[in-house]
Amino acid sequence: MKKTNNRITRINEEIKHEISNIIRNGLKDPRVSTLASVLRVETTPDLKHCKVFISVLGDDDTKKSTEEGLKSSSGYIKGEISKRVNLRITPDLHFVMDQSIEYGIHMSKLIDDVIKQEGQE
């Protein structure tokens, strides 16, 4: 099990909050969907790299264009984070699409279907 550090946890939450605000208010890229949300952030202990897990509500084309838009504007987002969060080193951002919410919805639907089938028998 990975040991978590309180400092890294606080930094992750602060970066997550700021990236959410930047995507919602400051990003002008038309490819980025307004229904994109930041689920979690994982920063390496040396603060060199940061994985940002994104979830987008919509079809596959919307998800792909949002991911491309975020990757192309990662330099702008990094610059904004360096202005807003007081860190010695601002990490490089790597955006990753997270399918966990969709997977959970799918599994919940399958469970409901099984329960309905058992009730009919």
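The values are calculated or read from the model by the stated rules, or taken from the named source; none is laboratory data. On a predicted model such as this, the values are computed, not experimentally measured, just so you know. Note: ideal-geometry Cβ built from the backbone for every residue, glycine included; neighbour counts use all protein chains shown.
Couple of notes before you dig in:
- Breaking point among (1) crowded, with 18+ Cβ neighbours inside 10 Å; (2) outside any helix (DSSP H, G or I); (3) without any contact (Cβ under 8 Å) to a residue 40 or more places away in the chain, for Pro30: (1)
- Scan of the range 33-59 for residues that are of a type in the set (A, V, I, L, M) and in a loop (DSSP other than H, G, I, E, B), ordered by number: Leu35, Leu47, Leu57
- Residues that are within 12 Å of the chain's Cα centre (by Cα) and either over 30 Å from Gly58 (Cα atoms) or modelled with pLDDT of 90 or more (or both) within the range 19-35 comprise Ile19, Ser20, Ile23, listed in sequence order.
- Of the set (1) touching a residue at least 12 places away in the same chain (Cβ under 8 Å); (2) of a type in the set (Gly, Ala, Ser); (3) more than 19 Å from His17 (Cα to Cα), all apply to Gly104 but (1).
- Residues of the range 36-58 that turn out to be more than 13 Å from Met97 (Cα to Cα), in contact with a helix residue (DSSP H, G or I) (Cβ under 9 Å, 6 or more places away or on another chain) and surrounded by fewer than 18 Cβ atoms within 10 Å (Cβ to Cβ), as a count: 4
- Close contacts from the range 57-83, counting a first residue that is within 16 Å of Asp29 (Cα to Cα) and touching a residue at least 40 places away in the same chain (Cβ under 8 Å) and a second that is β-branched (Val, Ile, Thr) and not in a helix (DSSP H, G or I), with Cβ to Cβ under 7 Å and a gap of 6+ residues or different chains, come to Gly69/Val32; Leu70/Val32; Leu70/Ile54.
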